[in-house]
Amino acid sequence: MDAHDAAAAWAGIDAKMKNKWTLLAFLCATFVFYTIDRALIGALAIPIQGDTGMSDVQFGILNSAVFWAYAAAVPIAGYFGDHCNKGILIGVASVVWSVMTILAGTACGFWSMFLLVAFAITVPQTFYAPAAAGLIALQHDKTRGIAMSLHQAAFYVGWMMSGIAVAVVLSVWGSWRAAYFLFGVVGLVLGVVFLLVVRGGGMKGRTAETTGGGVTFIESLRAFFCCPSAVLAALGHVAFTFATFGYCAWGPKFVSDKFAVSPGAASSGVMFCHFSAAFAAILVAGFVTDRLVSRWPGFRLSLQVGALLAAAPAFLMFGRSGTIAGTWCAAASLGIAKGAFEANSVNSVFDVVQSRFHASAMGYVNVLSGVLGSFAPILLGWMSQGSGTHGLENGFAAIGWVLVAAAVLMGMSLLFSFRNDRIDKGACTT
């Protein structure tokens, strides 16, 4: 090979590397504003309830309806993610949910918020995660752990920004509606740019690739639900989702009421302490996992079991701490456990499910998470309405026991099924 050929080969490799990391950057930016749109309902709980007159139970139902709608739509989203151009699908979905976010700023009561937040925003958002996870898995092999961790870290950035942004918006404009208008517009611009770049050829190749081929719905069901390790990994994800839904829906109001701080300050602390710690933890966990999992295949599950067990007492501390400093420490501890767990949430399923079923598998994981996790806001809302902050203290402690149960289930997978179900062992195929 002469110098010219070597230079051409290097340019091709460099272009491929740049393309997959550039695409990941676009996905991370999209995920940030996806998350902010999702987080606004919890971060703005007090001003929304004050303006619309919603009770705690109604507000809990509104939060849970988001997850019911997500669970109902995500199997369809997973199917399309396996059969359609993933880049185009993500871009169109981003534009639609951003427009609906803008419209949510005009809502005037429970039912209009219910329709706009729980359905008009949530349904298009369901098309994002399965397609994005499948697309990242297609483009990253040896770097899949850190790529997935960076993408999940964007989720945490969105939650951190949501709390800070809510505090700024409320201090400047004094209206919860301004937050929906602002982030809806920014998300719309980003979605249009993403769509134009993908359609214009700036991200050709594997953005248009699908893994489905001749995959049928029944085959995708069998690939996931007939694999014990996939189901047990999903249940661990469900438990942490349940915990996160409850924390994000009621954490800001709990801190505001218990320690008599402003809604903006409570939201900033609850989100920033938790998700900044999660951000750091997920990057470290993703980096470490990529280096250890090839030599110790069970490392991923072992780390997740440990994270679940560490999160349980942190939830108890969050609810029972008598000082706001202790509450922030608990929130950060929860974040560290969350980051360590979620660095591997997607990959623990992908390890035991064939690549052509990845988007569908994530759809089923999200169905389970949406249905079962949706009960956390209602449960905590019921406990809050009955006993105020004391009820929420007990509710956060109960969430800790849910995480312990999930740790036991994932430990069973590690001990009894994972070794046989790993894809490189030829198991869990159809």
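For this structure, a couple of remarks:
- Compactness relative to 2.2 N^0.38 Å, alpha carbon Rg of segment 76-185: 1.23
- Each part reduced to its alpha carbon centroid, segment 321-397 and segment 42-105 end up 17 Å apart.
- Relative contact order (%) - criterion: Cα under 8 Å, at least six apart; region: the chain: 26 percent
- Modelled label reach - Ser387, point 7 Å along Cα→Cβ, segment 312-328 residues with backbone N closer than 17 Å: 315-322
- Going from the residue with the fewest nearby Cβ atoms within 10 Å to the one with the most, Leu196, Leu292, Leu170, Leu138 rank Leu196, Leu292, Leu138, Leu170.
- Rounded to the nearest whole Hz, the Karplus-based 3J(HN,Hα) values (6.51 cos²θ - 1.76 cosθ + 1.60, θ = phi - 60°) of segment 362-368 follow the sequence 5, x, 5, 4, 6, 4, 4, with x at glycine and proline.
- Estimated purely from DSSP H runs of n ≥ 4, each contributing -39500 (n - 2.57), the mean residue ellipticity at 222 nm for the chain is -27500 deg cm²/dmol once divided by its residues.
- Three-way shape call for segment 15-150 based on the alpha-carbon gyration tensor, with the a/c threshold at 1.5: prolate
- When you count the other C-beta atoms within 10 angstrom of each residue and take the mean per peptide, 367-375, 27-35, 411-419 line up highest first as 27-35, 367-375, 411-419.
- Electrostatic tally near Phe183: other residues with Cβ closer than 12 Å to its Cβ, Lys and Arg +1, Asp and Glu -1, net +1.
- Summed side-chain charge close to Gln385 - residues other than Gln385 whose Cβ falls under 15 Å, Lys, Arg +1, Asp, Glu -1: -2
- Lysine pairs in the chain whose alpha-carbon atoms fall under 22 angstrom of each other, counting only those eight or more residues apart or on distinct chains, come to 14.
- Translational diffusion of the chain was estimated from the Stokes-Einstein equation, with Rh taken as the Kirkwood radius over Cα pairs; at 4 °C and 1.567 mPa s the coefficient is 60 µm²/s.
- Förster-model FRET efficiency, 41 Å R0, Ile218 and Ser302, C-beta, rounded to 0.05: 0.80
- When the charge dipole of the chain is built from unit charges on Cβ atoms (+1 for Lys and Arg, -1 for Asp and Glu) and taken about the Cα centre, the candidate among Ser267, Val123, Ala314 whose Cα reaches farthest toward its positive end is Ala314.
- The packing ranking, built from the mean of other Cβ atoms within 10 Å per residue, places the peptides 38-48, 218-228 in the order 38-48, 218-228, highest first.
- Ranking of Lys253, Lys86, Lys258 by count of other Cβ atoms within 10 Å, fewest first: Lys258, Lys253, Lys86
- Anisotropy class of segment 282-430 from Cα gyration tensor, a/c 1.5 cut: prolate
- Net dipole in debye of the chain [+1 Lys, Arg Cβ; -1 Asp, Glu Cβ; about Cα centre; nearest 20]: 380 debye
Taken together, the values in this text are just the output of simple stated rules run on the coordinates, not laboratory data. Because the structure is predicted, anything quoted here is derived from the model rather than measured. Cβ sites come from the backbone with ideal geometry, for glycine too, and all protein chains shown count toward neighbours.
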